[in-house]
Every structure is written in C-alpha cells, then in structure tokens.
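Structure first, then comments.
The values are calculated or read from the model by the stated rules, or taken from the named source; none is laboratory data. Values in this document were obtained by computation on a predicted structure and should not be read as measured data. As a convention, Cβ positions derive from the backbone with ideal geometry for all residues, glycine included, and neighbour counts pool all protein chains shown. The area values use the complete protein model at the heavy-atom level, side chains included, leaving out ligands, DNA and RNA. Shrake-Rupley method; radii C 1.70, N 1.55, O 1.52, S 1.80 Å.
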Amino acid sequence: MACDIRYEEIGEFAAGELPAERARELEQHLRSCANCQRRLDAVRAVDTGLARLPRLLPSPGGLHRARRSLSEVLRRTQEPELMRLDEVAEFLRISLDELEEVVAELPAFEVAGQLRVRRAKLLEWVEARERSYRRSSAQSEVARAFADTIESH
Amino acid sequence: MPSLADDDLVQMYREGDVDAFDALFDRYHVAIYNFARTMLGHSDGAEDVLQEVFLAVARAARAYDARGRFRAWLFRLARNHCLNRLQSDRLRRRVIAESGLDLADAPSGEPSPAEQVDRDERLALLRQLIGELPERQREALALYAFEEMSYQEIADVLGIPLNTVRTLIHRARAALAQRFE
C-alpha cells in the first residue's frame with residue numbers, strides 16, 4: 001500500500017469506523033510506515049485530550065443572573081391567565097368587600113354564573129386607573145395652587 | 001428528580017411544576033455553557049447565551065414536541081443563539097475596523113482567570129486549537145466530544161445529513177492532530 005493515506009482515514013481507523021477489511025490493510029501498513037504511525041499517535045492524543053478536557057463552569061455571578069431572570073419568567077408563566085374574584089382581590093391587595101365597590105368597573109366576564117377576569121385585561125385596567133389617578137392628582141394640585149393664590153390676594 | 005426523563009420534566013413544567021424546570025436547568029446548564037463557550041470563544045457571551053437559551057425554553061416549552069429529543073431541541077436553541085451572537089460579533093468587529101477605532105472593549109479569546117483550569121499545557125493548547133477550527137467543525141466536534149452525541153443526534157441538532165456530520169468530525173480531529181504532531 002502506497003502511503004497516500006488521508007489523515008481523516010487514520011482518524012476513522014482510530015475511532016473504529018473503518019470497514020473490517022480496510023482496517024486490516026491499514027493496520028498492516030502502520031507497521032511499516034512511521035509517518036502514519038505518528039499521525040495515529042497524534043489522533044489518539046487528540047482523542048485522549050478531548051476526553052480529559054475539563055468542563056468549564058459559568059462564574060457564580062453569571063449563574064446567579066441566569067437563575068434570577070429565569071425565576072422571574074417562571075413566576076409569570078405559571079400564573080393563571082384567568083383569575084377568580086378572590087385572586088383579583090389578592091392581586092390588588094384589598095379585601096373582597098372592598099373589591100365589591102369596584103367590581104362593576106372590572107374588565108370581567110361571566111361563565112357558568114361566575115365572574116372571571118383575564119390577567120392581561122386586569123393589568124390594563126390597573127394602568128388606566130394609574131393614569132386617571134395621576135391626572136386627577138395633577139388637577140387637584142392645580143386647584144389647590146389656584147385656591148392658595150386667590151387666598152393670598 | 002434525577003431519575004425522570006427530560007420529556008417527563010417538560011410535561012411537569014407545562015402543568016405548573018417549577019421545580020421540574022429547575023431540574024432541567026441543573027441537568028443541562030453546564031453542558032450548554034460549555035457548548036456556547038466552545039462556539040463563541042469567550043465566557044461573557046457564553047453566560048449570556050446560557051441565560052437566553054433557558055429563557056427561550058421556559059417560553060417555548062409548550063411548543064416542544066415531546067418525542068424523547070429534548071436534548072437535541074435544547075442544543076438547537078443554543079446553537080441558534082450562538083450563531084446570532086457570532087454574527088453580531090462579526091458585524092461589530094467590522095464596524096469597529098471600518099471606523100478605525102481600537103478593539104479595547106471587544107471580547108477577547110483569552111480564558112478568564114476563573115477558567116484557567118487547564119493546568120496541563122497540552123489540554124490548554126487543545127482548547128485553543130478547537131477555538132481556531134472552522135465554525136461548522138467546531139460545533140460538530142463539541143457535540144461529539146463533550147456531549148458524546150451520536151452522529152444522528154448531531155445531524156438533528158445541526159440540521160445536516162449524517163455523512164456531513166461524520167466528515168466534519170473527522171476533519172476536525174485530523175486538523176487538531178496535525179497541530180498535535
């Protein structure tokens with residue numbers, strides 16, 4: 001066998017992937033070809049190195065960051081999309097009796113005689129109330145300032 | 001939950017069990033980090049990819065078609081995130097080069113001090129040489145050597161024919177061996 005063996009074929013031989021007959025030919029050739037034997041040694045050294053290469057670990061800070069963002073996403077994805085009124089009250093940090101006062105304004109719907117609220121709609125409702133509260137606070141502020149001005153005159 | 005199969009854990013997570021997701025994270029985060037580290041060549045990007053991949057899993061778990069191929073699906077996600085990042089790194093380097101600015105804040109290929117675990121010089125050299133392989137050889141070799149995936153599983157992850165996987169891996173091993181002679 002002339003020594004025109006491809007490096008890849010020596011790799012296939014080392015990995016035991018050559019057909020039996022070709023593997024036998026190559027084995028015989030290796031006994032007389034120092035060049036191919038050196039290549040085989042190098043492939044085996046690479047394979048040993050790959051097996052021994054230690055696993056790298058993320059830094060404690062990086063791992064902490066990943067876990068923290070994950071737990072936030074997990075918390076959100078695991079929350080039910082449809083909420084009962086007691087869950088709405090709990091979400092708003094008020095009692096069920098207090099919820100009664102605003103229940104007519106809630107973006108709720110009825111199913112089998114029960115009220116349900118979609119979480120996304122509830123969040124929109126909260127945001128609308130925030131905007132409305134900011135507007136009315138600003139108006140009260142202006143009214144107070146106006147009254148103060150009138151009084152001082 | 002060490003004895004549970006990946007698909008069982010995904011199913012439990014879909015039903016609301018957050019601990020099942022944590023178990024998947026514990027099972028695979030080192031592997032994904034190492035794959036990303038090999039693909040990107042720097043630790044900062046690999047940590048970002050680790051985070052992005054598991055966030056993507058949390059969001060896409062419902063779309064996962066459970067057929068015992070979670071690992072291939074997970075590594076496919078990781079590969080996509082790495083390729084996106086490599087592409088933006090390349091773009092960034094080109095913009096910096098064209099603008100004539102220096103590369104002082106570009107990520108370096110040097111391992112961080114925390115990663116100086118390859119005390120054996122030959123292992124350190126091997127890791128460096130893997131980083132210099134062409135991208136396609138590098139990803140195939142990482143899955144073969146570090147994850148001990150079968151050629152078929154690697155073909156599933158990379159979306160290429162099995163024979164191409166075999167060729168990429170043997171070329172990568174031969175290229176490394178040539179430098180190791």
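For segment B:111-181, the square roots a ≥ b ≥ c of the C-alpha gyration tensor eigenvalues yield an a/c of 1.5 or more together with a/b exceeding b/c, which makes the shape prolate. Put simply, the Cα atoms of chain B extend 52, 37, 33 Å along their principal axes, the longest span coming first.
Two-decimal Rg/Rh of segment B:14-62 from alpha-carbon positions, Kirkwood Rh? Walk me through the intermediate numbers first.
Details: Rg = 11.7 Å, Rh = 11.3 Å.
Radius of gyration over Kirkwood radius for segment B:14-62 works out to 1.03.
When peptides A:52-63, A:123-134 are sorted by average Cβ neighbour count within 10 Å, with the highest value leading, the order is A:52-63, A:123-134.
Residues of B:166-176, mean number of Cβ from any other protein chain within 10 Å of their own Cβ, rounded to a whole number?
Whole-number average of other-chain Cβ neighbours for B:166-176 is 6.
For the protein assembly as shown, the Cys residues with no second cysteine's beta carbon closer than 4.7 Å are A:Cys3, B:Cys82. Taking the Cα of A:Gln139, stepping 7 Å toward and past its beta carbon, and measuring to each backbone N in segment A:92-106: which are under 20 Å? Zone members listed by number: A:102, A:105-106. Other protein chain C-beta atoms within 10 Å of residue C-beta, averaged over A:38-48: 5. For chain A, pairs of C-alpha atoms spaced more than 18 angstrom apart make up 77 percent of the total.
Two numbers describe the Cα atoms of the protein assembly as shown: Rg and Dmax, which are 29.4, 114 Å.
Give me a single rounded figure for A:61-68: the average over its residues of other chain Cβ atoms within 10 Å of their Cβ.
Details: counts 2, 9, 7, 0, 4, 13, 5, 1.
Averaged over the peptide's residues, the number is 5.
Size of segment A:7-52 from its Cα atoms: along the principal axes, largest to smallest, the extents are 31, 22, 13 Å.
Taking the inverse of the mean 1/r over every pair of distinct Cα atoms in segment B:138-178 gives a Kirkwood hydrodynamic radius of 9.9 Å.
For chain B, what does the helix formula give at 222 nm: sum of -39500 (n - 2.57) over DSSP H segments with n ≥ 4, over the residue count, nearest 500 deg cm²/dmol? Please list the in-between numbers first.
On the way: 8 runs with 125 residues, N = 181.
Per the formula, -23000 deg cm²/dmol.
To the nearest 10, the accessible area of B:Met1 is 80 Å² with a 1.4 Å probe.
Among B:Met149, B:Met12, B:Met39, which one moves the most in a GNM of chain B with springs linking Cα atoms closer than 10 Å? Highest fluctuation among the options: B:Met12.
Rounded to the nearest 500, the 222 nm mean residue ellipticity of chain A from helices alone is -23000 deg cm²/dmol, with -39,500 (n - 2.57) taken per DSSP H run of at least 4 residues. Of B:Asp89, B:Asp120, the order by accessible heavy-atom surface (1.4 Å probe, DNA, RNA and ligands excluded), from most exposed downward, is B:Asp120, B:Asp89.
Mean Kyte-Doolittle of at least 0.0 plus a Cα span of 24 Å or more along the axis: flag which DSSP H helices in chain B meet both, please.
On the way: long enough: B:18-40 (30 Å, 0.37); B:43-60 (25 Å, 0.39); B:70-99 (43 Å, -0.60); B:162-180 (27 Å, 0.03).
Correct list, ordered by number: B:18-40, B:43-60, B:162-180.
Kirkwood hydrodynamic radius computed over segment A:1-90 comes to 18.4 Å, based on all pairs of distinct alpha carbons.
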